[in-house]
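The values are calculated or read from the model by the stated rules, or taken from the named source; none is laboratory data. Keep in mind it's a predicted model, so treat the numbers as computed, not measured. Cβ coordinates were reconstructed from backbone atoms using ideal geometry, including for glycine residues, and neighbour counts include every protein chain displayed. The accessibility values were calculated without ligands, DNA or RNA, using every heavy atom of the protein model including side chains. Shrake-Rupley method; radii C 1.70, N 1.55, O 1.52, S 1.80 Å.
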Amino acid sequence: MLDLGPHASFILAAYGVTAIAVAVLVVTTLADDRTQRRKLADLERRGIRRRSATPPKAAKTVTPKTTPSMTAPPGGETIETDPAEATAKKPASKRKPAAKTATKTAAKRKTAAKAKAPRTRKPRS
Amino acid sequence: MISLANPTRFLGLVDKVLPWLSALVVILLGTGLYLSFFVAPPDYQQGETVRIMFIHVPAAWLAMFGYTVIAIAALGTLIWRHPLADVAAKTAAPIGATFTFVALVTGSLWGKPMWGTYWVWDARLTSMLVLFLLYLGLIALWQSIDELGRAGRAAAILALVGAINIPIIKFSVDWWNTLHQPASVFRTGGPTIDPALLTPLFVMAAGFTALFVLLHLMAMRAEILRRRVRALQQTQVERAALAEA
């Protein structure tokens, strides 16, 4: 056994306090890391994921019909929700009919072409 | 370095580095503890209590190192407004506070048998206590403001104001007549400590530093994930509101 002399209790107390403080720090950091990973995985399982995150295989085959909603989180990264799920959850009554959208797009195109066309002046008589 | 400022790339690097860093911490601290208890001889004045120095001195160094990290990160928050700088500062605070607490407690436990008292209000001890209070203030500030951007900027200003305490701690033993001994390792004439005691001290300091970096990287990873979770939860709430409308 190591002989620490008459001040052994002070030495052991110092090392003991340090060990406890470091252990608490390590355990809380690890627990926090695991909690956040679990929460993130849970959200991603429900189809809410960041834009840069790899989408699940099923979602890859679906062509998005709506613009994905994007928000800029405080972390500075752009995120988006799963477009397939967003469309699926929207009630049928709230969705725009495909034909109406197509007409609108054609009208928009016509307006844009008109704006781009060079203006010609009428010759003065 | 600039590419590492991207949180996703940073997380990838952390995942690669952590296993190696964990092994380094175990090796360094294991070797340091062995040298401290079984190789280092007792000091001719302090006797066996010199073994407290092998944890007290590295803890005090890292207490100041942690605050320096926060101050540098605060500049990153205020000048470039980079979220990773705020993450680095926020996560360094609890680690730095713990090492300051360890330095204060182990110093007191060394002071009682050597000085005859646990505490004196001398410049070095008081400035270290102020550092501990600064850490607690920073943690409280981050916890009390919900909006991350505002909390980060407010904490960055406090951190930079408090950074004046770091040179005060370092030079307090030279500027004032203190009970605490002057610098004996990093001084112009070289260390005044015998190599038999200096080696375990440096090994323990390297182990503590590696532990600090390890914990900081782990805490930064958790904080980045927390912010992602928060952003996704906000998205979820927005989607629910849209669905109801």
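Applying a DSSP loop filter and a limit of 10 other Cβ atoms within 10 Å to the chymotrypsin sites (Phe, Trp or Tyr not before Pro) in segment B:1-70 leaves B:44. For the residues B:73, B:210, B:222, a GNM of chain B with alpha-carbon springs under 10 Å puts the largest fluctuation on B:222. Pairing chain B with chain A buries about 4100 Å² of accessible area. This figure sums both sides and uses a 1.4 Å probe. Considering only the other residues whose Cβ falls under 13 Å of the Cβ of residue B:127, what net charge follows from Lys and Arg at +1 and Asp and Glu at -1? Charge balance near residue B:127 sits at 0. Stretched out straight at 0.36 nm per residue, the stretch from residue B:241 to residue B:39 would grow longer than its current Cα-Cα span by 66.0 nm. The string of couplings for segment B:172-188 from the Karplus curve (6.51, -1.76, 1.60, θ = phi - 60°) is 4, 6, 8, 6, 10, 7, 10, 6, 5, 5, x, 4, 10, 10, 8, 9, 4 Hz, one whole number per residue in order, with x for Gly and Pro.
Spin-label pair residue B:144-residue B:9: with each label point 7 Å from Cα along the Cα-Cβ axis, the two points sit 3.8 nm from one another. If you run the Gaussian network model on chain B, springs between alpha carbon atoms under 10 Å, then out of B:64, B:114, B:204 the most flexible one is B:114.
In whole Å and largest first, what semi-axes does the C-alpha gyration tensor of segment B:129-242 yield when each eigenvalue is scaled by 5 and square-rooted?
Numbers: eigenvalues 351, 82, 15 Å².
Value: 42, 20, 9 Å, ordered largest first.
Could you work out [θ]222 nm for chain B from helices alone, using -39500 (n - 2.57) per DSSP H run of at least four and dividing by all its residues? Round to the nearest 500 deg cm²/dmol. Estimated from H runs of four or more residues: -27000 deg cm²/dmol.
Label separation (residue B:199 vs residue B:82): 4.0 nm, computed from points 7 Å beyond Cα along the C-beta direction.
Treating r as the C-beta distance of residue A:41 and residue B:154 and R0 as 25 Å, the FRET efficiency rounds to 0.20.
Between beta-carbons, use under 14 Å as the cut-off and find the net charge around residue B:36, counting Lys and Arg +1, Asp and Glu -1.
Working: positive: B:51; negative: B:43, B:48.
Every neighbour counted, the sum reads -1.
In this calculation the C-beta distance from residue B:161 to residue A:20 is compared with R0 = 35 Å, giving a FRET efficiency of 0.65. Rounded to the nearest Hz, the phi-derived 3J(HN,Hα) couplings of segment B:6-19 under the Karplus curve 6.51 cos²θ - 1.76 cosθ + 1.60 (θ = phi - 60°) are 7, x, 5, 5, 4, 5, x, 5, 4, 4, 6, 7, 3, x, where x marks glycine and proline. Computed over neighbours whose Cβ is under 15 Å from that of residue B:61, the net charge equals +3, Lys and Arg +1, Asp and Glu -1.
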